[in-house]
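Student: Input: one structure, supplied below.
Nothing in this text is a laboratory measurement; each read-out follows from the coordinates by a stated rule. None of the values given here were measured: they were computed from a predicted structure. Note that each Cβ is placed from the backbone with ideal geometry, even for glycine, and that neighbours are counted across all protein chains shown.
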């Protein structure tokens, strides 16, 4: 290939590089090993060694590729060796032992994980339906989701004396080992529960005491320490009540709940606020179309947080790949 300038032909830049590569091979006294994209020391390379030998012409005439599908080796400028183009992931060819350019492979992408904690004793309740709708929506986005129905699991909300992290004597109970592992994997923690007597159910408070607060002492909270298990994870809440939200606000309970529960938990556990969606006037005989509207809101919130988490994880993976490439 050449470039034409003022009726005078000038060799293209790529031709210079090709010529330099040939001269490098010839000066090194290398000869090509038969049938394999490998070059090894030996006699001075001749014309037949640079891609035009009788053996390669015979292969071309037969229509068969070189052994193992190998192509002609070429110098690798990065390492000063020869790269076999038949194997692009840095492994050795099945039919040779030639040096190949190692190519780093990015770590496989891990889909975001959602942990949904349900605190309602009735599996057919509005609250349970909300939890299931959230799980369905994030799974439709391709994310991993685990639903922990605390009542169905017979979760014990009682904090034992040796589970309190006072004096460095904390020892997690075996019955919460799975919950702690799920919490460790989660990117989003979603609590779904009703408001009873102006407060969350006792089983939700027990989950916070035994699982979210596992091993995290009052001294650490006072010092403003970062929670090693929860830091940076998102906290999302879906709640419901028989009373209206204006009535809860009049009683001062709505503000008290926000400050004493979710805001406080986000601050002490280093969690990220992902929103609180509350459905009021949930009473027996509620109209089906109202329930459908509520579930549509759940789906929208689930898809929004899924998109946000996925975008962030993709960006983190890209930064990791760039850093590894720079090293």
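Student: Sort 321, 208, 282 so the one with the fewest other Cβ atoms within 10 Å of its own Cβ comes first.
Tutor: In increasing order of surrounding Cβ atoms, one gets 321, 208, 282.
Student: How big is D for the range 164-231, in µm² s⁻¹ as a whole number, if Stokes-Einstein is applied with the Kirkwood radius of its Cα pairs at 37 °C and 0.692 mPa s?
Tutor: The estimated diffusion coefficient comes to 245 µm²/s.
Student: Got a sec? How would 117, 291, 211 order by Cβ neighbour count within 10 Å, fewest to most?
Tutor: Ordered by Cβ neighbours within 10 Å, fewest first: 291, 211, 117.
Student: Just for the Cα atoms in the range 113-322, what are the lengths along the principal axes, largest first, rounded to whole Å?
Tutor: Here the spans come out as 52, 46, 32 Å, largest first.
Student: Now for a different question. Give me the tail of P(r) for the range 207-327 as a percent: Cα-Cα pairs with distance above 17 Å.
Tutor: The proportion of pairs with Cα distances above 17 Å equals 69 percent.
Student: Taking the Cβ of each residue in 203, 221 as the centre, tally the other Cβ atoms inside 10 Å and list the residues starting with the fewest.
Tutor: Least crowded to most crowded, the residues run 221, 203.
Student: Compute the Cα gyration tensor for the range 208-275, then decide on rounded, prolate or oblate, letting a ≥ b ≥ c be the square roots of its eigenvalues: rounded whenever a/c is under 1.5, prolate when a/b is larger than b/c in the other cases, and oblate in all that remain.
Tutor: Judged from the Cα gyration tensor, the range 208-275 comes out prolate (a/c at least 1.5, a/b above b/c).
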